[in-house]
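The values are calculated or read from the model by the stated rules, or taken from the named source; none is laboratory data. Quick caveat, the model's predicted, so the values are computed rather than measured. We place every Cβ from the backbone using ideal geometry, glycine too, and count neighbours over all the protein chains shown.
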Amino acid sequence: MLHRTEAPIPLSVPTLPFGAHGSSNWVWLARIGRFECAVEVGGTDAHAAGLGRHFETVVRIATLPAAGPLPVADASADCVAMRVMLDAESVTEPGLLLADCRRVLRDGGCLSFGFRNGRWLSRAGAWRTRGHAATGLTVSGARTLVRRAGFSGLDLYYADPAFAAPTALIEPTSQAARALEGEKPMRSGLALARPFLARAGLHAMLYPAYLGIAYA
Amino acid sequence: MMNSVGPVPLSDDARAAWHGDRGFNLLLVDAAGRTAFFCKCRDASDAAFARETEVLERLGEAEGARAALPAACGISDGRIRIQMSAYVRGQVLRHLIPRMGTAEWEAALTGVIGAADAVSEAAPAALVGRLDVRATVDVADAGATALATLAGAGLDADALAVLRGVLAAAGELAWRPQHGDLWSSNVLRDDGRWLLLDFEQFGLVGTPLYDVAHLVRTTAQARATPSQAWDAPPPLWTPLLRGGSPDAAVCRRVLGTAARHRGLGAAAALGAVVYYLTDYAARLLANGAPPALAAPPTREVAAFADVLRERGTADHLLGFA
């Protein structure tokens with residue numbers, strides 16, 4: 001069952017990126033035991049539909065409120081899927097947003113969120129100026145924010161090739177990066193270097209974003 | 001988690017999705033950092049996936065077949081089905097092909113065909129109740145649906161008539177369960193042996209030479225594709241086959257040898273190859289494959305039909321002339 005709290009998305013939507021339909025599969029990695037209600041913030045129809053296959057009810061919030069809390073009752077959700085990245089320019093107070101997500105969650109629930117990987121080997125400067133805060137979040141910064149917001153645990157994954165439509169979610173370890181890069185098809189150009197970077201322990205440079213699953 | 005391209009469980013609108021865009025895979029890494037298991041994860045209602053899992057489990061128990069398969073088992077909870085295989089630290093044939101010399105490639109084709117033959121021979125006993133076993137297959141009858149699909153896709157009437165005639169001339173061939181998708185990405189080389197992957201189509205085709213033709217065609221096309229254009233559409237196989245290159249000679253030799261080994265004369269072998277080309281193209285069209293995947297095999301059928309119209313025969317392409 002799907003409830004909308006904002007105006008419905010128009011029927012004609014742009015073509016989704018490859019992998020967008022699988023973007024709810026992260027739920028299989030979440031260590032939660034109840035699937036009654038999920039809150040989807042900022043995602044697409046495909047995101048909400050995918051979440052709706054796991055949870056009995058999905059509350060859809062199309063855009064983050066400009067001010068004030070999420071329009072969801074305290075301790076009413078088993079999952080919050082935050083599709084707006086935590087270090088997006090539109091998120092001025094990530095700590096407050098995380099705390100509000102914790103308010104919404106029942107104990108034992110989870111929040112999924114994303115933030116950019118500041119070490120990603122990308123064209124210099126391009127990421128920093130495309131709608132993201134100049135300094136961004138570090139892994140330790142994200143862990144601190146999550147802890148201060150009242151969450152009891154955090155699992156982190158590299159999201160490859162992008163947080164919006166990840167076709168791979170792997171633990172941020174050398175073993176996992178080597179395993180993933182070893183499965184990828186033939187490459188050309190700079191992509192030929194990926195397996196070597198993974199084997200050399202430089203996996204932090206390979207993936208543009210993290211997906212975090214924080215536990216209430 | 002990797003290859004996460006389709007939701008599990010399936011949404012209602014995703015049920016009609018191209019099967020290549022379903023579900024996700026898992027790599028399970030042990031404490032020492034070695035990949036130990038490869039898991040395919042699909043919606044529990046995916047009947048084709050359930051069948052594939054059962055086929056793998058039962059073939060894995062057959063003495064003649066198990067050496068050519070990774071050990072696998074399946075489990076389902078009603079929402080998700082997981083097919084778990086022992087991870088094989090081999091190299092995919094598709095990655096090896098560009099570096100192979102002509103002789104090495106021909107030896108690889110022979111080895112893979114041998115592995116596929118071993119599985120095909122063990123299958124009828126191992127898959128009792130799961131295979132539609134029969135003595136012979138009428139190629140013209142079996143190919144009628146594919147020709148109808150290709151007609152609907154715009155293949156011209158003259159080409160269809162020529163292809164229909166070739167299928168009719170082939171008559172009835174000895175039934176033999178085929179892998180059904182034996183291309184270079186579904187073959188692993190591991191410590192000197194060849195392993196076959198992805199058994200979703202296994203046994204759904206019983207026309208001989210189907211696997212041989214698919215393997216020869218796709219590997220020849222891979223060799224003809226420049227490495228920097230690895231994601232470009234493959235070149236047509238029919239013009240390659242007509243040429244005088246060493247690779248063309250290998251194609252003709254392997255096809256001809258396989259046909260004779262199966263007791264097929266020229267007309268029967270030609271009918272079997274035409275059945276493969278038309279069935280493969282039609283299957284992609286019927287299953288809703290993206291145009292980038294479906295268009296090249298359809299063009300291949302048209303090109304092969306052109307040769308038949310031009311020369312009246314294709315014996316020279318199949319090692320019979």
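Does A:Pro185 fit the bill of being more than 22 Å from the chain's Cα centre (by Cα) and surrounded by fewer than 22 Cβ atoms within 10 Å (Cβ to Cβ)?
Values: more than 22 Å from the chain's Cα centre (by Cα): yes; surrounded by fewer than 22 Cβ atoms within 10 Å (Cβ to Cβ): yes.
Criteria met by A:Pro185.
Name the single residue, out of those in region A:70-82 being under 14 Å from A:Leu111 (Cα atoms) and out of contact with any strand residue (DSSP E or B) (no Cβ under 6 Å at 6 or more places or on another chain), that is surrounded by the fewest Cβ atoms within 10 Å (Cβ to Cβ).
Filtering region A:70-82 for residues that are under 14 Å from A:Leu111 (Cα atoms) and out of contact with any strand residue (DSSP E or B) (no Cβ under 6 Å at 6 or more places or on another chain), the one surrounded by the fewest Cβ atoms within 10 Å (Cβ to Cβ) comes out as A:Ser76.
I'm told A:Pro195 meets every condition in (1) in contact with a strand residue (DSSP E or B) (Cβ under 9 Å, 6 or more places away or on another chain); (2) over 30 Å from A:Gly33 (Cβ atoms); (3) crowded, with 16+ Cβ neighbours inside 10 Å except one. Can you identify the failing condition by its number?
(1)
Just checking: which of the helices (runs of 4 or more DSSP H) contained wholly in region A:137-216 hold 3 or more residues that are at the interface with chain B (Cβ under 9 Å from one of its Cβ atoms)?
A:174-183
Name the one entry in B:Val254, B:Val216, B:Val307 that is farther than 25 Å from B:Thr136 by Cβ and touching a residue at least 60 places away in the same chain (Cβ under 8 Å). Steps first, answer last, please.
On the way: B:Val254 fails: farther than 25 Å from B:Thr136 by Cβ; B:Val216 fails: farther than 25 Å from B:Thr136 by Cβ.
One residue alone meets the criteria, B:Val307.
Could you tell me whether B:Thr298 is among the β-branched types (Val, Ile, Thr), buried (at least 23 other Cβ atoms within 10 Å of the Cβ), out of contact with any His (no Cβ under 6 Å at 6 or more places or on another chain) and over 22 Å from B:Trp105 (Cβ atoms)? Spell out how you get there, then give the answer.
Details: among the β-branched types (Val, Ile, Thr): yes; buried (at least 23 other Cβ atoms within 10 Å of the Cβ): no; out of contact with any His (no Cβ under 6 Å at 6 or more places or on another chain): yes; over 22 Å from B:Trp105 (Cβ atoms): yes.
Criteria not met by B:Thr298.
Please state which one of B:Arg217, B:Arg262, B:Arg223 is out of contact with any helix residue (DSSP H, G or I) (no Cβ under 6 Å at 6 or more places or on another chain) and among the basic types (Lys, Arg). Break it down into steps so the answer makes sense when it comes.
Working: B:Arg217 fails: out of contact with any helix residue (DSSP H, G or I) (no Cβ under 6 Å at 6 or more places or on another chain); B:Arg223 fails: out of contact with any helix residue (DSSP H, G or I) (no Cβ under 6 Å at 6 or more places or on another chain).
Answer to the selection: B:Arg262.
Hey, B:Glu104 hits all of (1) acidic (Asp, Glu); (2) closer than 26 Å to B:Ala249 by Cα; (3) under 19 Å from the mean Cα position of the chain (by Cα) but one; which does it fall short on?
That leaves (3) as the condition not met.
Quick one: which helices (runs of 4 or more DSSP H) sit completely within region B:119-232 and have at least 2 residues that are more than 19 Å from B:Glu300 (Cβ to Cβ)? Walk me through how you get there before you give the answer.
Working: elements: B:139-152, B:157-170, B:210-223.
Because the criterion is at least 2 residues that are more than 19 Å from B:Glu300 (Cβ to Cβ), the helices (runs of 4 or more DSSP H) in region B:119-232 that meet it are B:139-152, B:157-170.
Sort out which residues of region A:19-44 are over 21 Å from A:Gly212 (Cβ atoms) and either at the interface with another protein chain (Cβ under 10 Å from one of its Cβ atoms) or of a type in the set (Ser, Thr, Tyr) (or both), and write them in order of number. Spell out the reasoning first.
Going through region A:19-44, the residues over 21 Å from A:Gly212 (Cβ atoms) turn out to be A:21, A:36.
The one that is over 21 Å from A:Gly212 (Cβ atoms) and either at the interface with another protein chain (Cβ under 10 Å from one of its Cβ atoms) or of a type in the set (Ser, Thr, Tyr) (or both): A:His21.
Identify the residue in region B:180-210 that is at pLDDT below 95 and hydroxyl-bearing (Ser, Thr, Tyr) and, among all such residues, is nearest to B:Ala259 (Cα to Cα).
Within region B:180-210, the match that is nearest to B:Ala259 (Cα to Cα) is B:Ser184.
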